[in-house]
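What follows is one structure encoded as structure tokens, with my remarks underneath.
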Amino acid sequence: NNNNNNNNNNNNNSEQPKNGYHPPPFLINDVRRKNANGASLCLAAGCDKNAQANTKIHNTSGFCRVHYNAWLISSGQIETWDCECGNKVPMEKRCGKCHRWKEGAGAPKPAAAAAAFDGDGPAVLEPPKKKSKKKKKKKDKKRKRSSSSTDDDIDKHTVREDEDSSCNDNDKKSKKKRKKSTTKRSKDKEQQKEMPLDDKKLVSRSAIEYYPDDLKHLQLKKNQEETAASISNTNTKNDAKNEKHTTTNTNDDSPYSKTNPNIENGNIKNTNINNNGNITLLLFYQYVEPPWTESQYRTAFQYVNDLGNQHSLTGRMRIAREGLNCTLTGTPHGIRAWCASLRTFDGGRSKPHPTKPSERLTEFAETEFKLTDDLPPKQRFPKLHAFEVVELVNYGLAGKRAPTIAAHGGTHLEPAAYHDKMSDENTVVIDVRNHYEAKIGRFVPPVGGATVIDPGMRKSTEFPVWLDKKETKEMLRGKQVLMYCTGGVRCERASALLKQKIDKEEDTKELGIKGVFQLQGGVDKYFKEFPEGGMWKGKNYTFDKRFAHAPPAVEALERKKKVLGDDDGGAPLDALGKENPVTTAAEEILGECEACHKPWDMYRGKRRCPTCGVPSLICRSCFEADRDGTKKLGRNVRCDLCVAESVTNKRELREREERETKEYERKMRQKMDDDYEPPVQRKHAVTRKPKGNPERITRLFLKNMCARQMDEAKLLEFLHPARVTHIQWLMDKSTKKFYGSAFIEAKTAEDAGSILAVDGMTVLGRRIKVKYQRADEKDNWPIPNTEVSSS
């Protein structure tokens, strides 16, 4: 009563409203109260609801919404009408008890309900919107939480203002997280709908499929922990970047950040790790014939790159006019959705279906996708890189040099058929991989079966030269030829090249080769069908974050021995994956350390052979000794191929390669005649456009070339596909040495225009200058003995 009297006295001193003052039908507390979360409670005595401090309705009185309306009505600040139920209701509002509207008023329009009042507060609040069941449930839960946390003792709930604001900030963050999780779940559901469940060309296997249950549980748990750690690290890094970004530049004008949904404030979101922390690896390739035109190539490049960003994939894409060769990582749903979308890519080159006339086949309708699920998060690529390349595999067979796969490709054998064929007599198996890959793992057919041939290559460009040698042809005489590689892409051009030689070259045709076959899907697919290894020995070298791996059942046995021990005792989780795995038996280790020659089959570190530059196979103890300085790895520690060939320096190896390549190109020019094109390995040869040549000039002047490294082979490679017939190297008169300038003669005026297009490009570290130089009548051009030597 005293409180009421005090309030009445205070209100009597203020200006009275029109309708006179009526005391509110509730008692008012003198002291503001707060709940356990620090939120202010209503001033009405006995009310445990939160005060509605809403600036939109100017409610700064400290009441909840119900008592605030009652306070406005009692003080006469708003006009009311009397409902039949006895309740006083604000004008243009319906009754809160019986939900009746004033007679003749009906539901007010939003404009009328939002009419402004005088300075003390709004006259009418907006009409209440119909709440959904979900919102009602949320509000009921919120009321229960606030009521349960309320205490009659006001002193217990005194909270500082900064704590109050921090609580509100935490509530906002939790709401944002809940919103993101719901949107992510909806995206996952959409991706599941897009997943091709009946895709027979999608071959998948779990990396932990052959793990025992207890080891599988440990691995999945570790994947989740690594995922949580990586997400927290990413969030802290992004927060630091965001703070720096907001202080330095508040407006992000980058067009890429506006178009890419996975980039926020210039940072890539950590969206390509799914909830259980497992990663899926995708290997696939696809040759397209005929090759894409320039516009089709640009369309395909943009499509696959944008599609990868859309599904948050990472990895490498080799994109050429002749197709795609990709190694990608992402979530299981993201990878499969990407594959399903690529199936539908038309690019304007679809063709009729052979059995269904109403349907059309797209470029990637028959592509085989090889998936490995349940890989740990650390085997995920950090970024997505799309590379413009001339060839999917760098054989030096681009353009007219490339054998047609549709006409000359080898016969594809599934792993089971290939496995049986390796037991046949008069059969050779050509390992199309590099020697350092075959060093740690390869096929070993049974006695009396096929013979495995290792070409001893350091890079793929050596394969055409090796295949053209006499000793190679003698090894293939009267045999059926099998080929294999890691994923199958290297066998496509290799088998087509051999078949083309059989069809068109007499010296190869007379060898009587009984057939050319290749392993469909490569060693990767062979492991999926023969998890125990089949005829495979050692490990398979890969170009992803696995580096090398054994057949899945063998790898599971190794992991079980390493983590759980021989007695299946539970090893601590910290030991899982921390050390390099050991093989089950010493005889399965095919490689050896290049320094101490003990059995070893793991490529680690960045050391390369000082002679040829291939990765060095060095054991851990030798690496540690080199790091500590007790035993240095000198230049005498070379790869076994350099040791076997007695190659001691780079110059010796380079001269031998140039000599063999020059001889091979001479033979190719004789066989192809006018269709001959020198090998090209530079992407600008595909994309550059020829310059105009209205005067039909075929002589050009080149300057600013590297005098120490430039030679005929490098210049012809750089100028490809333009054809050059003569080169005059200009020499210094005093020193008689080449100083970086030359005159060249192009075969046609169109070739001269293509050569002029390289003006300003960089070759061997120098920006080359090119211009037309018409031959004078006094000049004896072309000068004798300046013909290109390959002619």
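The values are calculated or read from the model by the stated rules, or taken from the named source; none is laboratory data. On a predicted model such as this, the values are computed, not experimentally measured, just so you know. Because the Cβ atoms are built from the backbone with ideal geometry, glycine has one as well, and the counts that use them run over all protein chains shown. Heads up: the accessible areas ignore ligands, DNA and RNA and are worked out on the full protein's heavy atoms, side chains in. Shrake-Rupley method; radii C 1.70, N 1.55, O 1.52, S 1.80 Å.
First obtain the Kirkwood hydrodynamic radius of region 405-481 from its Cα pairs, then insert it into the Stokes-Einstein equation at 4 °C and 1.567 mPa s, and state the resulting D in µm² per second as a whole number. Translational D for this selection: 95 µm²/s.
For region 748-791, backbone nitrogen atoms closer than 14 Å to the point 7 Å from K703 Cα along Cα-to-C-beta are found at 760, 767-773. The share of accessible area on region 715-786 that comes from carbon and sulfur is 48 percent, using a 1.4 angstrom probe. Taken along the Cα-to-beta-carbon direction at a fixed 7 Å, the label points for T748 and A416 span 5.3 nm. Set the Förster radius R0 to 45 Å, insert the Cβ-Cβ distance between M731 and F547 as r into 1/(1 + (r/R0)^6), and round the FRET efficiency to 0.05. For R0 = 45 Å, the calculated efficiency reads 0.35.
Projected label points at L307 and D776, each 7 Å from Cα along the beta carbon direction, are separated by 6.0 nanometres.
Could you sort 405-413, 547-555, 428-436 so that the peptide with the highest average Cβ count within 10 Å comes first and the rest follow in order?
Numbers: 405-413: 16.3, 547-555: 20.1, 428-436: 22.7.
Taking the mean over residues of other Cβ atoms within 10 Å, the ranking is 428-436, 547-555, 405-413.
Taken per residue, the accessible surface of region 298-343 reaches 27 Å², heavy atoms only and a 1.4 Å probe.
Between E658 and R360, the modelled label-to-label distance comes to 5.1 nm, taking each label 7 Å out from Cα in the direction of the beta carbon. Rounded, prolate or oblate: which fits region 326-420, taking a ≥ b ≥ c as square roots of the Cα gyration tensor eigenvalues, rounded meaning a/c under 1.5, else prolate when a/b beats b/c? Note, shape of region 326-420 comes out rounded.
Once R0 is set to 35 Å, what does the formula 1/(1 + (r/R0)^6) return for the Cβ-Cβ distance between K221 and E624, expressed as a FRET efficiency to the nearest 0.05?
Calculated value: 0.65.
If I stretch the segment between K200 and K88 completely, what's the gain in nm (0.36 nm per residue apart, minus their alpha carbon distance), one decimal?
33.2 nm
Taking packing as the residue-averaged number of other Cβ atoms within 10 angstrom, the listed peptides 521-529, 775-783, 607-615 run from highest to lowest as 521-529, 607-615, 775-783. What shape does region 381-426 take by its C-alpha gyration tensor, where a ≥ b ≥ c are the square roots of the eigenvalues and a/c under 1.5 counts as rounded, a/b above b/c as prolate, and the rest as oblate? Cα axes put region 381-426 in the oblate bin.
Carbon-plus-sulfur fraction of the accessible area of region 355-417, 1.4 Å probe, in percent? C and S atoms contribute 52 percent here. Classified by the C-alpha gyration tensor, region 719-765 has an oblate form. Its axis ratio a/c, with a ≥ b ≥ c, is 1.5 or above, and a/b does not exceed b/c. Extension gain, K469 to K561: 0.36 nm times the residue separation minus the Cα-Cα distance gives 28.4 nm. Scaled to the globular estimate 2.2 N^0.38 Å, the Cα spread of region 695-791, given as radius of gyration, is 1.02.
Segment R651..R766, full-extension length gain: 39.2 nm, with 0.36 nm per residue of separation and the alpha-carbon distance subtracted.
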